[in-house]
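Colleague: Here it is, the structure, as structure tokens.
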Amino acid sequence: MARHQVTLALAAGCGRIVVMAREYLPEMAELQRESERGGAAFHVLTGSRGLSPLVSAADEVLVLAEGLLPTTGDALRLIGTGQAVFLQPAESGIPAGFERIDLNHASAGLMLVPGRLVDRLMDLPPDADAGSALLRIALQAGVAQRPVPDEVRAGGRWLLVRTEAEAQAAEDGWMVRHTSGGPPTPGPLLARYLARRFGPAVLHANATGLLVPYGTGYLIALAGFGLAWFGLAWLGLVCIGFGCVLQRTAALLGRLQREALAVRLGSAWRSVVSAGVLDLLIVAILVLARAPLPGESLLERGFAPAVLMGLVRLLPRAFPAGWSAWLADRLLLCLLLALMAAGGVIAPGLLALVLLLLLAGLVLSHRNDGSGRSSALTRA
């Protein structure tokens, strides 16, 4: 929860992160490292009066209520509208745990206020709640009040988490929202299921967590190559297929870390390299799966597999979106090739598959007009 709020503060451009807590906990060291990586100073205060020396009158102060879990993009858009106390209807906000403001309104747990208001905390008791006190001070000072739109608060996108059970439910909902959509083919479907099932544990492990799906995917793929080396090409292709699923799962979780948690990792290029390595392993297993003809060189044996993998990489860019998803699904491709290898028809099956893809590419090219654009795009 705190890490998510630190991420939001860094994305909003905050140069100083202040956590109000009774004591400095060991877990706060990770928050401090994350803040400093984002270029912000980090402070832990036990009382509201310690905030005044850290804030100048020219500053703006972004205040997040304890336990607030908004969607980062929604919160940034609201903050971008300028200084304000953000509100919601009392009938929905009060049962959800937000602080009441008046008869009809409750706080939304978020506000952006002038730094000069922080000095007024010095007039309050040392144990005063800084967030609640600043809320009252901002309202008395006439800071603008803006409602959080209903569509932003709907569907679990704006929550106040108070208990472990609520945190677990919020985490599950967050994973579902961020992994929904995508191609309806077997590989991506399985990757999204794995991300939802095991993603929270991986993300909690921060940078080292992604090494698990990436490393496991590589191990399974290498085991597949070993099986093919000893004559079990069909089983090796199955292993490669599931290695591709794990690689896709890791890429999905890496995207979540970069976009939702603002983790600065090289996972974007890592997923591209992993996909290329796995494609090369598929080519290698296909070479091992077919008995060489008399006088045939290794280059000749690898020609058809290389052409196949080149086609399944290039043609999705020209195919309609629905067909592209099926063609780009490595699990589906590996299972199809595994059936051919198990049936002893890998050589003619591979040739037929290459010819089928080439024919599909030619058909699509004939649908293009003279300018190189497809007829559907020309009509639009």
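Colleague: Given PRO200, PRO184, which one is at pLDDT below 80 and either closer than 30 Å to SER274 by Cα or part of a loop (DSSP other than H, G, I, E, B) (or both)?
Modeller: Unique residue meeting the criteria: PRO200.
Colleague: Continuing with this model, one more query. What are the residue pairs meeting all of these: first residue in region 63-82, first residue free of Cβ contacts under 8 Å to residues at least 12 places away in the same chain and assigned to a strand (DSSP E or B), second residue of a type in the set (D, E, K, R) and surrounded by fewer than 21 Cβ atoms within 10 Å (Cβ to Cβ), Cβ atoms under 9 Å, and 6 or more apart or on different chains?
Modeller: Cβ pairs passing all conditions: none.
Colleague: Can we say ALA65 is under 21 Å from the mean Cα position of the chain (by Cα), under 20 Å from PRO114 (Cβ atoms) and surrounded by 14 or more Cβ atoms within 10 Å (Cβ to Cβ)?
Modeller: no
Colleague: Hey, can you tell me all the residues within region 102-114 that are buried (at least 16 other Cβ atoms within 10 Å of the Cβ) and of a type outside the set (S, T, N, Q)?
Modeller: Scanning region 102-114 gives HIS105, ALA106, ALA108, GLY109, LEU110, MET111, LEU112, VAL113, PRO114.
Colleague: OK, next. Please tell me if ALA29 is hydrophobic (A, V, I, L, M, F, W, C) and farther than 30 Å from ALA165 by Cα.
Modeller: no
Colleague: Does region 28-42 include one or more residues that are hydroxyl-bearing (Ser, Thr, Tyr), surrounded by fewer than 19 Cβ atoms within 10 Å (Cβ to Cβ) and more than 25 Å from ALA169 (Cβ to Cβ)?
Modeller: No, every residue in region 28-42 fails to be hydroxyl-bearing (Ser, Thr, Tyr), surrounded by fewer than 19 Cβ atoms within 10 Å (Cβ to Cβ) and more than 25 Å from ALA169 (Cβ to Cβ).
Colleague: Scan region 2-59 for residues that are farther than 17 Å from GLY131 by Cβ, in a loop (DSSP other than H, G, I, E, B) and not polar (S, T, N, Q) and jot them down.
Modeller: GLY13, GLY15, GLU23, TYR24, LEU25, PRO26, GLU27, GLY38, GLY39, ALA40, ALA57, ALA58
Colleague: For ARG162, indicate whether it is among the charged types (D, E, K, R), surrounded by 15 or more Cβ atoms within 10 Å (Cβ to Cβ) and touching a residue at least 24 places away in the same chain (Cβ under 8 Å).
Modeller: No: the conditions fail for ARG162.
Colleague: Condition check: of a type in the set (D, E, K, R), modelled with pLDDT under 80 and assigned to a helix (DSSP H, G or I). Does ARG177 satisfy that?
Modeller: Judged against the criteria, ARG177 is a match.
The values are calculated or read from the model by the stated rules, or taken from the named source; none is laboratory data. Source: prediction; values computed, not measured. We place every Cβ from the backbone using ideal geometry, glycine too, and count neighbours over all the protein chains shown.
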